[in-house]
1. Once you have the Cα-Cα distance between Asp106 and Glu286, take 0.36 nm times their residue separation minus that, and quote the gain in nm to one decimal.
2. Tell me the volume per residue, in Å³, of the convex hull enclosing the alpha carbons of the range 52-119.
3. How big is the charge dipole of the chain about its Cα centre, in debye rounded to the nearest 20, if each Lys and Arg gets +1 on its Cβ and each Asp and Glu gets -1 on its Cβ?
4. Could you please state, rounded to a whole Å, how far the C-alpha centre of the range 1-75 is from the C-alpha centre of the range 303-333?
5. Gain in length, Asp78 to Leu319, computed as 0.36 nm per residue apart minus the alpha-carbon separation, to one decimal in nm?
6. For the chain, set up a Gaussian network in which alpha carbons nearer than 10 Å are linked by springs, and say which option among Val18, Val48, Val310 fluctuates the most.
7. Quick check: from the Cα gyration tensor, does the range 83-228 come out rounded (a/c under 1.5), prolate or oblate?
8. Throw me the Rg/Rh for the chain, computed over C-alpha atoms with Kirkwood Rh, two decimals.
Amino acid sequence: MKTVPLHQLHMRLGAKMVPFAGFEMPVRYSSDLDEHHTVRNAVGVFDVSHMGEFSIKGPGALALVQKVTSNDATALYDGKVQYGYLPNATGGVVDDLLVYRIAEDDYFLVVNASNIEKDWNWIQSHNAEGVAMENLSDSLCLLAVQGPNATAALQKLTDVDLASMEYYTFKIGEMAGIKDIIISATGYTGAGGFEIYVKNEDAEKMWNAIFEAGAELGIKPVGLGARDTLRLEKAFCLYGNDIDDDTSPLEAGLGWVTKFTKDFINSEALKAQKDAGLKRKLIGFEMIDRGIPRGHYELCDAEGNKLGEVTSGTQSPTLQKGIGLGYVPSEFSKAGTEIFVKVRDRLLKAQIVKTPFVKN
């Protein structure tokens, strides 16, 4: 089991540590509920240093990124971030990821912790041109400072004008006296805020500075438990739950980052699938009856016939009701459709809704 560089700090803070994606990670410090509301209403800090980071640079870098990712990287400019995925050769998803354009022919990819080795090998296997690749995953810490008070807290530490930064842009600058920090207006909570990439040796200094700056703004450390309820309220896909090697990205609702204006791995087959019409779709639903939907619970029609299953489910702390994602046949996917969640042989009523569950 690997540990993140700030492991001892989390232990001192009393975090409950659990295995996650091959790492021992803080799942909570106080309670999932308290930490969730802290991020929605104030500001919280996640240590997500288990994530993977790759550098792809030099001649041919753009061509390689274009080949292996679904989105169109020619739309990127210096300081812009793009969400997309790595399609596999059989219609599924190797991983979803962020692509940062540092400069012309210089890209920075951020991938999921559980897929670092798999993604690296996949991209490398398609690197016929010998583009320079470097795996930076073990040398960087990633701190996600999320919530409506994130800008006010972090602005004390940098001359970069954070309030003027648009969503999905980044700057490289100085923060807390540490140079060459990637300050990224991104996150996995839908609560606003930034993700800060810092070298391992500077991580504790950065953590302490952020908490000192945010003290009067109600800042707290937040674990993976609240990260999951926060991302689910925004219906953000989680790799391994809602998308994987066997799920169609189009059925998962990722058509908006699938650009058929270029050729990429398996693009012809995905285009054919789109043209033929999708047989099933990833939908969001809210519970009408009392109950919490959990992963792999069956989704049924009124007669109890199985339509699909829950891929992600929880009790929403903001809405105070059960919410979930799951795949159903396309004809059952319209908002307002009544479905049922099978919980211990009982059919509990739910309704398909437009996502995100929690609006801005």
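Values quoted throughout were computed directly from the atomic coordinates according to the rules given, and no laboratory measurement underlies them. Because the structure is predicted, anything quoted here is derived from the model rather than measured. With ideal geometry, Cβ positions are generated from the backbone for all residues, glycine too; neighbour counts draw on all protein chains shown.
1. Contour length minus Cα-Cα distance gives 60.5 nm.
2. Roughly 78 Å³ of hull volume per residue.
3. Its charge dipole is roughly 1040 debye.
4. Comparing the Cα centres of the range 1-75 and the range 303-333, I get a distance of 26 Å.
5. Result: 82.9 nm gained on full extension.
6. Residue with maximal mean-square fluctuation among Val18, Val48, Val310: Val18.
7. Judged from the Cα gyration tensor, the range 83-228 comes out prolate (a/c at least 1.5, a/b above b/c).
8. 0.97
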